[in-house]
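Mind looking over this structure? Questions follow.
The values are calculated or read from the model by the stated rules, or taken from the named source; none is laboratory data. Treat the numbers as computed from the prediction; the structure is a model and nothing was measured. Quick reminder, even Gly has a Cβ in these numbers, built from the backbone with ideal geometry, and neighbours come from all protein chains shown. The area values use the complete protein model at the heavy-atom level, side chains included, leaving out ligands, DNA and RNA. Shrake-Rupley method; radii C 1.70, N 1.55, O 1.52, S 1.80 Å.
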Amino acid sequence: MTRNDRNAVEVRGLVKHYGETKALDGVDLDVRQGTVLGVLGPNGAGKTTLVRCLSTLIVPDAGHATVAGLDVVRQPRRVRRTIGLTGQYASVDEKLPGWENLYMIGRLLDLPRKEAKQRADELLERFSLTDAAKRPAATYSGGMRRRLDLAASMIGRPAVLYLDEPTTGLDPRTRNEVWDEVQRMVAEGATVLLTTQYMEEAEQLADSLTVIDRGRVIAEGAVPELKAKVGGRTLRIGPADPAELPLMAAAIREAGLDGVAGAQPVPDEGVLYVPILSDEQLTAVVGLLGARGFAIADIGTDLPSLDEVFLALTGQRTASVDEMIPQEVAA
């Protein structure tokens, strides 16, 4: 992926009210050019409001934001020609066939006729819609309309692409197609702001994450940085002799090491799990087992999952894969 130090998107103190509700309450964020920023947050956190402000669909009440160096309030027309947007609901013309939807959008973006045709054909193939290219979009399933909408947002090869929960309702195969296309665009220099509640998607695509709750940024950083901020690791110990698992666990419990809550042997895996909070605790556990004469064949540490990080930061769980793929929508 292309990297540089320039910011494609800069947001400072962005505020948006709906009556007495502050959908955005002084949001700051940066998206480096040629990278993917994942924006996480529970429902109602302000993610979609942020995307709508940055795509010029609504005007913020205060603050400042630029996209590709363009002011979203003072230069909205130029911003719109720079961005692509896939919102939470499909926005294609259902009376037109899929191919004509894409060709029309390409021409509106000033693509030459030949390029608009080639780009429409290319994206229909990438999103497995070639067989339905001549059918009106109204005959598409919900999942197919979603894929067409995603293709429409990408047809002009935008410099900045906003994806607002783009894979909700898509089956796993199509979700992977979307991920592949996003990664292809970023490799070619595009910048992506992605909102999602699907943690695997965030880990798969995002270079860095911003967590929003109640209209405010509450955490930001790369995935490992956020996991480290939340704290808590699990020490994973594999003894040379699996029969010693219960003896190792008992030794740790009896030693009463400072801050070490205990140890959980998992015989089926042949592994002992020990929750730790610091490198000092890790050293103490390993030192104790060595002093007691236990032979260790394997050792490692596991950070919290991104789902656990999200829960710790916001107090809300993320949607499961089954919840993200309604059967009547996926196609």
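What are the ³J(HN,Hα) values, in whole Hz, obtained from phi via the Karplus relation 6.51 cos²θ - 1.76 cosθ + 1.60 with θ = phi - 60°, for each residue of region 269-276 in sequence order, with x given for Gly and Pro?
Result, ordered by residue: 9, x, 9, 10, 9, 10, x, 9 Hz.
Please arrange Arg214, Arg80, Arg32, Arg175 by accessible surface area, largest first, computed with a 1.4 Å probe and ligands excluded.
Sorted descending by solvent-accessible area, the residues read Arg214, Arg80, Arg32, Arg175.
Another question about this same structure. Under 10 Å, Cα contacts only: if you run a Gaussian network model on the chain, which one of Ala187, Ala219, Ala297 comes out with the highest mean-square fluctuation?
Of Ala187, Ala219, Ala297, the Gaussian network model singles out Ala297 as fluctuating most.
In region 172-235, what GluC sites (Glu not before Pro) fall in a loop by DSSP, with at most 15 other Cβ atoms inside 10 Å?
Within region 172-235, the qualifying GluC sites (Glu not before Pro) (loop, at most 15 other Cβ atoms within 10 Å) are Glu188.
Separate question: Counting only DSSP beta bridges with both residues in region 145-234, tell me the antiparallel percent, nearest 5.
50
How far is helix 98-108 tilted, in degrees, relative to the longest principal axis of the Cα atoms in the chain, given as a value from 0 to 90 rounded to the nearest 10?
In the chain, helix 98-108 runs at an angle near 70 degrees to the longest axis.
How tilted is helix 142-154 with respect to the longest principal axis of the chain? Cα atoms for both, answer in degrees (0 to 90, nearest 10).
80
Under the Karplus relation 6.51 cos²θ - 1.76 cosθ + 1.60, θ = phi - 60°, what is the ordered set of whole-Hz ³J(HN,Hα) values for region 39-52, x standing for Gly and Pro?
10, 10, x, x, 4, x, 6, x, 4, 5, 4, 4, 4, 5
Using only Cα atoms, locate the centre of region 177-229 and the centre of region 21-57, then give the distance between them in Å, rounded to an integer.
A separation of 12 Å, based on Cα centres.
Can you run phi through the Karplus equation (6.51, -1.76, 1.60; θ = phi - 60°) for region 189-200 and list ³J(HN,Hα) in whole Hz, with x for Gly and Pro?
Those phi angles translate into x, 6, 10, 10, 10, 10, 9, 7, 10, 9, 5, 4 Hz.
If you don't mind, another one. How much of Asp71 can a 1.4 Å solvent probe reach, expressed as accessible area in Å² and rounded to 10?
20
Given contacts defined as C-alpha pairs under 8 Å and at least six residues apart, what's the relative contact order of the chain, whole-number percent?
20
Restricting to DSSP H runs of at least four residues, report the calculated mean residue ellipticity at 222 nm for the chain, -39500 (n - 2.57) per run over all residues, nearest 500 deg cm²/dmol.
Numbers: 12 runs with 119 residues, N = 331.
Calculated mean residue ellipticity at 222 nm is -10500 deg cm²/dmol.
Could you check which residue among Leu277, Leu193, Leu123 shows the biggest mean-square fluctuation in a GNM of the chain with a 10 Å Cα cutoff?
Highest fluctuation among the options: Leu277.
Name the long-range amide H neighbours of Asp61: under 5 Å, sequence gap of 5 or more, or other chain; modelled H, no Pro or chain starts.
Those lying under 5 Å, H to H, from Asp61 are Val15, Lys16, His17.
A further question on this structure: Please list, in chain and number order, the residues 5+ apart from Leu40 or on another chain whose amide H is under 5 Å from its amide H, with Hs placed from the backbone.
Result for Leu40 returns Thr210, Val211, Ile212.
Right, something else. Give me, ordered by chain and number, the residues 5 or more places off Val9 or on other chains with an amide H under 5 Å from its own placed amide H.
Under 5 Å from the amide H of Val9 lie the amide H atoms of Val31, Ala68, each far enough along the sequence or on another chain.
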